[in-house]
Each structure stands twice: as C-alpha cells, then as structure tokens.
Amino acid sequence: MKNSEALSAFLALGQESRLNIFRLIVQRAAVGLTPGDIIEKLGIPNATLSFHLKELVNANLLLVERQSRNLIYRPNARLVEKLSDFLLENCCGGKPCPPCSIKSRRENKMKKYNILFICTHNSARSILGEALASTHPSGRFVGYSAGSTPGTSVNPLAKELVLKTGYDETKLHSKNWDTYGVPDAPKMDFIITVCDNAAGETCPHWPGQPATAHWGFPDPSQAQGSDEDKRKAFRDVMIGLRNRIDLLANLPLDRLDLMSTQAELRRLAKA
C-alpha cells in the first residue's frame, strides 16, 4: 500500500462524525446501510451526512451501490485489510510482539473457504459470485468462477457492477471449468451452479470432497427493455447472490460435517 493511499484513508477518518459513520457501517457490513438508516442511528443532518459519505467514498473506505431507489453503503473490506497490514508491516522489525501475535492468531483461526461458481458461459452470474465471495466483509471466502463452454469476454454490465465492489479487474475473464478439475488446482470447499443449464451438465471430477448446490438465477444478459431495465436485472442477481453469501458466512462452517454443510448450502438456495 502506498503512503498516499493510507494518508487519504486516515485523513478521511480523522473527523469524529465520519469515524462514527464508518464504524456504524462496518457493524452492518453484511447488509449495508442507507443514508436514512445512518440518520436514524446517529442523528446527523442529511446535508452533513451527504458530505461525510462523499468524503469516505472518495477515500475508497466505502463502496456504494444503488438498489431500486436506495443507495446502499458498505465498507471496502479489501482496503481496511490493507490498512491493517500497512500498520503492522514492519512491527518490531519482524520480531514477535503482541500486535503481530494477535494478527497471526486471528489469521490462523479464520479458515478461508474456496467457492467455485459455475454457469455455462462464465460471463455474468458466476463472475458476480466470484467477486462477491472474494470481497465479502467477513473475509471468509475466496471466490472462483468457470463455465462449461466459456465465452470470450465478461459481460460489460457484470463488469460494471463487479468493479464497484473493489475486486481486482485483472481477474475478470471467462475460464473453462476443466481448469479446476485437475489435481494441482485450488481445492474447492463449495461448488455452486448459478444457471439451470450448468446444473444439468456432467461436471468434471473435483479434487477433494466439495459440498455442492444449485443457486439458480435468471440470465440477466437476456433481459429486455431499457438500459436501466437491463442493469436492474444484473443488480437483482447480485443482490440475491450477496444475500445467500451473507447467510453462508454466518454459518458455523468449522463445526459442520460434509453432509450438514451440503444440506445448509442447498437450503440457502431457497433464501
């Protein structure tokens, strides 16, 4: 992380109201908050709140998306993690010390789960799943995506939404699912199909014993109407995926066996 990026974040947080706003949004990271929610909790006037939210967004501390008529604010989890690493990077010259030990224990305790999202062309729904899992505020997931017959490019409307999550743009490309069926591929904990066509196809043999489920969503790339209608179709899929990933993150995954995990994963398909 560059000093300028860190300074921008710390300067934005160096004001009491903005710090309180940011901490409140972090507390509700899984669902996000609207300006109305923040006003109700903190009693900040609307005009003042708009100014502070703009400053936090400009500092890349908050991510914002529109859902219907509402703006939803969430913390940029990747930046917060980078800030933490930046502060502890050279702690005690690399020698063991309490802050580093705390960070190490936290990282060792939190298992990350690999999730592979699959749809036929790997250009929209599965791409959204990959980005949402990888940027989830819980830090519990690493998202991947693939398709049985991948296309040549990511859908522009999917890419537009993904970039707002802060996900690495260089990872946005369609991949064949055979990539993850070989012995040296990343071991998946969960395999989730997000389109009906992919759910009905014969999948490769996945290394390990991943839990599987089908979370079906209509293909947003087939939406008709105005540009806004088409964007809404993509946002609806994104909201649905995010809700299920939020619920998955709240499960005691480290205490569930494979059969229980699979049952929970499939139950979330109805959420």
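The values are calculated or read from the model by the stated rules, or taken from the named source; none is laboratory data. Quick caveat, the model's predicted, so the values are computed rather than measured. Note: ideal-geometry Cβ built from the backbone for every residue, glycine included; neighbour counts use all protein chains shown.
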Item to complete: Check THR170 against each of (1) surrounded by 20 or more Cβ atoms within 10 Å (Cβ to Cβ); (2) modelled with pLDDT under 95 and name the one condition it does not meet.
Response: (1)
Worksheet item: touching a strand residue (DSSP E or B) at 6+ places or on another chain (Cβ under 7 Å) and among the small types (Gly, Ala, Ser): does that describe ALA213?
Response: yes
Response to the item:
GLU130 vs (1) under 25 Å from ILE72 (Cβ atoms); (2) surrounded by fewer than 17 Cβ atoms within 10 Å (Cβ to Cβ); (3) of a type in the set (Asp, Glu): all pass except (2)
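Residue-by-condition table, conditions (1) in a helix (DSSP H, G or I); (2) more than 23 Å from PHE234 (Cα to Cα); (3) modelled with pLDDT of 90 or more:
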residue: THR48; (1), (2), (3): yes, yes, yes
residue: HIS52; (1), (2), (3): yes, yes, yes
residue: LEU56; (1), (2), (3): yes, yes, yes
residue: GLU65; (1), (2), (3): no, no, no
residue: LEU79; (1), (2), (3): yes, yes, no
residue: LEU83; (1), (2), (3): yes, yes, no
residue: LEU87; (1), (2), (3): yes, yes, no
residue: CYS92; (1), (2), (3): yes, yes, no
Worksheet item: Hey, among the residues in segment 138-148 that are surrounded by fewer than 20 Cβ atoms within 10 Å (Cβ to Cβ) and touching a strand residue (DSSP E or B) at 6+ places or on another chain (Cβ under 8 Å), which one's modelled with the lowest pLDDT?
Response: ARG140
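Let's see how each residue does on (1) in contact with a strand residue (DSSP E or B) (Cβ under 6 Å, 6 or more places away or on another chain); (2) surrounded by 13 or more Cβ atoms within 10 Å (Cβ to Cβ):
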{"site": "GLN27", "(1), (2)": "no, no"}
{"site": "PRO45", "(1), (2)": "no, no"}
{"site": "LEU49", "(1), (2)": "no, yes"}
{"site": "GLU65", "(1), (2)": "yes, yes"}
{"site": "LEU71", "(1), (2)": "yes, yes"}
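Out of LEU241, LEU248, LEU265, LEU253, I need the residue that is of a type in the set (A, V, I, L, M, F, W, C) and either over 18 Å from SER145 (Cα atoms) or exposed (fewer than 15 other Cβ atoms within 10 Å of the Cβ) (or both). Which one? Walk me through how you get there before you give the answer.
On the way: LEU241 fails: either over 18 Å from SER145 (Cα atoms) or exposed (fewer than 15 other Cβ atoms within 10 Å of the Cβ) (or both); LEU248 fails: either over 18 Å from SER145 (Cα atoms) or exposed (fewer than 15 other Cβ atoms within 10 Å of the Cβ) (or both); LEU265 fails: either over 18 Å from SER145 (Cα atoms) or exposed (fewer than 15 other Cβ atoms within 10 Å of the Cβ) (or both).
The unique qualifying residue is LEU253.
If you check ILE239, ILE192, which single one turns out to be at pLDDT 95 or above and either among the charged types (D, E, K, R) or outside any loop (DSSP other than H, G, I, E, B) (or both)?
Answer to the check: ILE192.
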Practice prompt. Can you tell me which residue among ILE44, ILE115 is within 30 Å of ALA146 (Cβ to Cβ), outside any helix (DSSP H, G or I), at pLDDT 90 or above and touching a helix residue (DSSP H, G or I) at 6+ places or on another chain (Cβ under 7 Å)?
Written response: ILE115
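Among the candidates ILE44, ILE72, single out the residue that is more than 26 Å from LEU87 (Cβ to Cβ), assigned by TED's automatic domain parsing to the domain that holds PHE86 and more than 20 Å from the chain's Cα centre (by Cα). Full working, then the answer.
Values: ILE72 fails: more than 20 Å from the chain's Cα centre (by Cα).
Just a single option satisfies the conditions, and that option is ILE44.
Taking only segment 214-234 into account, find how many residues are outside any loop (DSSP other than H, G, I, E, B) and more than 30 Å from GLU264 (Cβ to Cβ).
Step one: of segment 214-234, the residues outside any loop (DSSP other than H, G, I, E, B) are 214, 220-222, 227-234.
Then drop every residue that is not more than 30 Å from GLU264 (Cβ to Cβ), which leaves 222, 227-231.
Adding up the residues that qualify gives 6.
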Response to the item:
Those residues of segment 196-251 which are free of Cβ contacts under 8 Å to residues at least 12 places away in the same chain, of a type in the set (S, T, N, Q) and closer than 21 Å to LEU157 by Cα amount to GLN222, GLN224, SER226
Fill in: Candidates GLY139, GLY166, GLY151, filtered to the one that is touching a Lys or Arg at 6+ places or on another chain (Cβ under 6 Å) and either closer than 24 Å to ALA233 by Cα or of a type outside the set (Phe, Trp, Tyr) (or both)
GLY166
Response to the item:
A careful count of residues in segment 178-233 that are exposed (fewer than 14 other Cβ atoms within 10 Å of the Cβ) and among the hydroxyl-bearing types (Ser, Thr, Tyr) gives 2
Discussion item. If I go through segment 149-174 residue by residue, how many of them are part of a loop (DSSP other than H, G, I, E, B), closer than 14 Å to SER123 by Cα and out of contact with any Gly (no Cβ under 7 Å at 6 or more places or on another chain)?
Written reply: 9
